[in-house]
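The values are calculated or read from the model by the stated rules, or taken from the named source; none is laboratory data. The shown structure was predicted, so the numbers you read here are calculated from the model rather than taken from an experiment. A quick note on method: Cβ atoms are made from the backbone with ideal geometry, for glycine too, and the neighbour counts reach across all protein chains shown.
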Ligand code: ACO
């Protein structure tokens, strides 16, 4: 790719690139993707190695600081995060003010935005100590907010985090534990969730990360920027796809429509229906994350002894689409979210919380990008141009 910005500046040229299909908005040293070859690397490490060997927090450190942590660095990081999980007690009234039907993504973005009100003396994006502090606060508190949003939707009491547990164990307990009995940790679920979170941790300049960088470019604080990223992730064409996949599978199941008939409707673009969980802006051969997710789907369902007809429909859909000219020609393959919903559902998460799980996964990437942009002297306020297509100058109607 060519850096055309200075050329354009001197020649006065500008380009229209709707959806930024061909425009790089920044240089970045965090994540590498080769969409044709199906390669994804965080700081040079293959996603397959990270998914099979690392943990969410270790990978978070790698994304944020650029290197794998030493054992003592990781232990210190985990400990710091463990000690910042508590939310201000007043924030609980925020949850009670919302209807129990509130979508957890709206709760999440609003609560993250509200967090900044508790830390008004430490929001300066140029103060490295404050940036460190807010990095830890966000990583520690987002899963707690997410679990509270889930508990709120069920009308159940919020639990306090348990410092004897790992990050992911704690998250599962906060969601599925109750006050009356001990919560039993299932290591298969813990490993699967670690893996799913790692797979979502970064994906270079996707819509939500670009949003975080754009908001950050105005020197807005980290909470405000991440809250904006959560809202960008909400849409069904981005993070909301995992919920939309499950809704689609459930609808096919409940209606009794055959997979082949559904695929025909997709191909005919009937009512704009899409095969959710298929296609990607950059992966045009396969999404390397989807393979790893599929492995976990089989493991989790086998461990829980769950026989989910929706998994069978998903597999049938995948097979039908991969053999079909429409999908082959357009290079449409299952993306990371095609199978995640089936796993989350088996774990006990309601469909409306799926995108929240994506947000927790993506948080380290958002933070890494926000910090990279904030410390890069080349960062400028993001301000795209437009091609004006409205009316030319008009005279004000006399007598009006
Ligand atoms: N089902 C059916 N047709 C599709 C699908 C799909 N899932 N995705 C793309 N197409 C078709 C389009 O209709 C278009 O067809 P045409 O050439 O006949 O007009 C062609 O394939 C190219 O699609 P675009 O929309 O131009 O591709 P783009 O790169 O802009 O979009 C996107 C990528 C948004 C992911 C798209 O594939 C999509 O909507 N997929 C479903 C939603 C989804 O799963 N999103 C999750 C993305 S991954 C993530 O965020 C983690």
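Can you tell me how many residues within the stretch 315-334 are within 15 Å of the ligand (Cβ to nearest atom) and touching a helix residue (DSSP H, G or I) at 6+ places or on another chain (Cβ under 6 Å)?
Total meeting the criteria: 6.
Evaluate the stretch 24-36: report whether one residue or more is in a helix (DSSP H, G or I) and either within 21 Å of the chain's Cα centre (by Cα) or at pLDDT below 95 (or both).
No: zero hits.
So which residues in the stretch 19-74 are on the phi > 0 side of the Ramachandran plot, free of Cβ contacts under 8 Å to residues at least 60 places away in the same chain and surrounded by 15 or more Cβ atoms within 10 Å (Cβ to Cβ), if there are any at all?
If the condition is that a residue be on the phi > 0 side of the Ramachandran plot, free of Cβ contacts under 8 Å to residues at least 60 places away in the same chain and surrounded by 15 or more Cβ atoms within 10 Å (Cβ to Cβ), then 43 is the only one that fits.
Residue 78 passes all but one of (1) more than 23 Å from residue 179 (Cβ to Cβ); (2) out of contact with any strand residue (DSSP E or B) (no Cβ under 9 Å at 6 or more places or on another chain); (3) not in a helix (DSSP H, G or I); which number fails?
Going through (1) more than 23 Å from residue 179 (Cβ to Cβ); (2) out of contact with any strand residue (DSSP E or B) (no Cβ under 9 Å at 6 or more places or on another chain); (3) not in a helix (DSSP H, G or I) one by one, residue 78 breaks only (3).
Against the conditions (1) within 8 Å of the ligand (Cβ to nearest atom); (2) under 27 Å from residue 32 (Cβ atoms); (3) free of Cβ contacts under 8 Å to residues at least 60 places away in the same chain; (4) crowded, with 16+ Cβ neighbours inside 10 Å, where does residue 275 fall short? Just the number, please.
Residue 275 satisfies every listed condition except (2).
Can you find a residue that is at pLDDT below 90, surrounded by fewer than 17 Cβ atoms within 10 Å (Cβ to Cβ) and farther than 25 Å from residue 192 by Cβ anywhere in the stretch 325-332?
No.
Quick one: would you say residue 296 is more than 22 Å from residue 35 (Cβ to Cβ), away from the ligand (no atom under 13 Å from the Cβ) and free of Cβ contacts under 8 Å to residues at least 24 places away in the same chain?
Answer is no for this residue.
Looking at the structure I just gave you, is residue 94 over 23 Å from residue 202 (Cα atoms), in a helix (DSSP H, G or I) and in contact with a helix residue (DSSP H, G or I) (Cβ under 7 Å, 6 or more places away or on another chain)?
Spelling it out, residue 94 is indeed over 23 Å from residue 202 (Cα atoms), in a helix (DSSP H, G or I) and in contact with a helix residue (DSSP H, G or I) (Cβ under 7 Å, 6 or more places away or on another chain).
Mind telling me which of the residues 244, 192, 180, 157 ends up being in contact with a helix residue (DSSP H, G or I) (Cβ under 9 Å, 6 or more places away or on another chain), surrounded by fewer than 22 Cβ atoms within 10 Å (Cβ to Cβ) and either closer than 29 Å to residue 79 by Cβ or without any contact (Cβ under 8 Å) to a residue 12 or more places away in the chain (or both)?
Answer to the selection: 157.
Taking the condition of being touching a residue at least 40 places away in the same chain (Cβ under 8 Å), within 27 Å of residue 243 (Cα to Cα) and not in a loop (DSSP other than H, G, I, E, B), how many residues in the stretch 97-117 meet it?
Final tally of qualifying residues: 10.
Do we find that residue 306 is surrounded by fewer than 15 Cβ atoms within 10 Å (Cβ to Cβ), in contact (Cβ under 8 Å) with a residue 40 or more places away in the chain and more than 9 Å from the ligand (Cβ to nearest atom) in this structure?
Against the criterion (surrounded by fewer than 15 Cβ atoms within 10 Å (Cβ to Cβ), in contact (Cβ under 8 Å) with a residue 40 or more places away in the chain and more than 9 Å from the ligand (Cβ to nearest atom)), residue 306 qualifies.
Restricted to the stretch 248-271, and to residues that are closer than 20 Å to residue 336 by Cβ and surrounded by 17 or more Cβ atoms within 10 Å (Cβ to Cβ), which residue is farthest from the ligand (Cβ to nearest atom)?
249
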